[in-house]
Amino acid sequence: MSPPVSAIQPRIIAVTNQKGGVGKTTTAVNLAAALAEMERRVLLVDMDPQANASTGLGFDARLLRNTSVDLLTADITVTEVVAETRQRNLCVIPASMDMSFVDVDLMSRKDRSLLLRKALRTPELSALRFEYVLIDCPPSLSLITINALMAADAVLVPLQSEFFALEGLSQLLTTLREVRQAGNADLRIDGIVLTMYDGRNNLARQVAEDARETLGELVFDTVIPRNVRLSEAPSYAMSILEYDTTSKGARAYRQLANEMLSQYAGRLKSP
């Protein structure tokens, strides 16, 4: 008889920005796909009521028995919700639009902000041997977002290269401080990634300069460009790596995944 495979605790990363339209879901889906392509076992948890990460990878909530809503509201384990994708090493916990009503349903529960943490930080999930869990959060400060932040080890913040971007970020940083005080003291920022970047645009370059001057090493070197192929990929239920593997968008998300993994490796080597 072969020895049992040891369980591992994945790194849980909330991909979040309280401002909508910043490339949050695009980043969650394509970063997950890039990490999976690099032979990391990845779980993408769709917690956005719009369920765009799910539909963007080919899942129709109407045909699913369980979704991330059930993970919060029903007596089921995480293994009953995980679904495989076409891509090797990438699985999804899909969402449905019923997530829009979860905040109201959970309001009366004392543990309402810890439900996702309890669901993900379990031996059942560890036994599935995921190395990374990426949570696609709603574009708002809701109870669902708080659940994601309480469950996470770290946050990744997509920052649109447009006017007012840094103002919205300050509100998110305040929220993160409050979450640390509320019980997730070790929550950290893995990084901020500039999205929808057009180097020909003076404003985009200025936003990038301001972000790096204000936030320093928190800002990834990698920037995600404005790219038509990135916008097209979800309509074909594909990540950009599958839809157009040589596009600028695919190269950028591979570079982001590499930079993130190098960052983690550097922390492990530091005393």
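The values are calculated or read from the model by the stated rules, or taken from the named source; none is laboratory data. Bear in mind that the values here come from a model prediction, so they are computed numbers and not experimental data. Every residue, glycine among them, receives a Cβ derived from its backbone with ideal geometry; neighbour counts consider all protein chains shown. Ligands, DNA and RNA are stripped out before the accessible areas are found, and what is left, the full protein with its side chains, is counted by its heavy atoms. Shrake-Rupley method; radii C 1.70, N 1.55, O 1.52, S 1.80 Å.
Please verify whether the range 91-103 includes one or more residues that are buried (at least 22 other Cβ atoms within 10 Å of the Cβ), touching a helix residue (DSSP H, G or I) at 6+ places or on another chain (Cβ under 9 Å) and in a loop (DSSP other than H, G, I, E, B).
The answer is yes, given that some residue of the range 91-103 is buried (at least 22 other Cβ atoms within 10 Å of the Cβ), touching a helix residue (DSSP H, G or I) at 6+ places or on another chain (Cβ under 9 Å) and in a loop (DSSP other than H, G, I, E, B).
Wholly within the range 1-73, which helices (runs of 4 or more DSSP H) include no fewer than the required count, namely at least 3 residues that are β-branched (Val, Ile, Thr) and open to solvent by less than 60 Å² (accessible area, probe 1.4 Å)? Lay out the reasoning, then the answer.
Working: elements: 24-37, 52-55, 68-73.
Helices (runs of 4 or more DSSP H) meeting the threshold: 24-37.
For the condition on the phi < 0 side of the Ramachandran plot, at pLDDT below 90 and not basic (Lys, Arg), what is the one hit in LEU90, LEU43, LEU64?
LEU64
Just one of the numbered conditions (1) open to solvent by 30 Å² or more (accessible area, probe 1.4 Å); (2) touching a strand residue (DSSP E or B) at 6+ places or on another chain (Cβ under 9 Å); (3) hydroxyl-bearing (Ser, Thr, Tyr) is not true of SER231; which one?
Condition not satisfied by SER231: (2).
When you scan the range 110-228 for helices (runs of 4 or more DSSP H) that lie fully inside it, which ones turn up with 3 or more residues that are open to solvent by less than 50 Å² (accessible area, probe 1.4 Å)? Give the steps one after another, and end with the answer.
Values: elements: 115-120, 123-127, 143-151, 165-182, 202-215.
Passing ranges, in order: 115-120, 143-151, 165-182, 202-215.
Among (1) open to solvent by 20 Å² or more (accessible area, probe 1.4 Å); (2) within 21 Å of ASP190 (Cβ to Cβ), which single condition is MET238 missing?
(2)
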